[in-house]
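Below: one structure, written as structure tokens.
The values are calculated or read from the model by the stated rules, or taken from the named source; none is laboratory data. Since the model is a prediction, treat every value here as computed from it, not as a measurement. We place every Cβ from the backbone using ideal geometry, glycine too, and count neighbours over all the protein chains shown.
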Amino acid sequence: MNAPTAELLIERCFALDPAVRYVAVYRNGELQSRQRAGLANASEGESDRYEELIVNPTLLTLTRQRGNIDCGGLNYVLIRYGSFFEFVHPFPGGHLSVGLEPDGEILRVAGRLERLVSEWAPEPPAPFAADATATARGR
């Protein structure tokens with residue numbers, strides 16, 4: 001299956017639910033993002049860029065390594081900021097990041113986003129060195 005473009009994934013995320021306010025796809029060193037027009041409490045574009053390039057990859061590394069020790073891995077991370085939720089889902093070579101309105105049905109939308117990512121990037125993320133740590137600890 002040929003994966004659709006990042007732009008198509010972004011469009012599909014926005015079409016998924018009106019609670020979607022921001023979408024970013026970071027894949028193989030390239031970042032594409034878009035924000036819904038007219039948002040209240042929108043974060044700055046440069047701040048979003050650093051979040052996608054530095055914060056989210058680091059967060060995913062930490063949570064995936066912990067998940068691989070004895071939690072059954074990592075599916076996605078859901079962050080509650082003051083003005084919105086942020087859904088971050090890893091895939092091979094990058095991640096999908098989606099900002100969600102705080103009054104939406106967050107877990108329902110997260111489940112729909114997870115299915116969308118599995119269709120877009122069906123193979124699981126590569127294992128991290130945490131697997132060796134878990135083996136060394138006898139887990």
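Structure notes:
- Residues in region 96-124 that are surrounded by 15 or more Cβ atoms within 10 Å (Cβ to Cβ), in contact with a Pro (Cβ under 7 Å, 6 or more places away or on another chain) and not aromatic (Phe, Trp, Tyr): ALA121 alone.
- Residue within region 68-84 that is in contact (Cβ under 8 Å) with a residue 60 or more places away in the chain, outside any helix (DSSP H, G or I) and either acidic (Asp, Glu) or within 26 Å of ARG108 (Cβ to Cβ) (or both) present: yes
- For region 28-40, a residue qualifies if it is assigned to a strand (DSSP E or B) and closer than 15 Å to VAL55 by Cα, and exactly one does: LEU31.
- Residue match in region 51-67 (condition: polar (S, T, N, Q), assigned to a helix (DSSP H, G or I), farther than 15 Å from ALA19 by Cβ and modelled with pLDDT under 90): no
- Look at region 18-41: where a residue is within 14 Å of PHE84 (Cβ to Cβ) and a partner is part of a loop (DSSP other than H, G, I, E, B) and of a type in the set (A, V, I, L, M), sitting 6+ places away or on another chain with Cβ atoms under 7 Å, you get ARG21/LEU39; GLN35/ALA42.
- Qualifying residue in region 55-66 (condition: free of Cβ contacts under 8 Å to residues at least 12 places away in the same chain and either touching a Ser or Thr at 6+ places or on another chain (Cβ under 9 Å) or β-branched (Val, Ile, Thr) (or both)): yes
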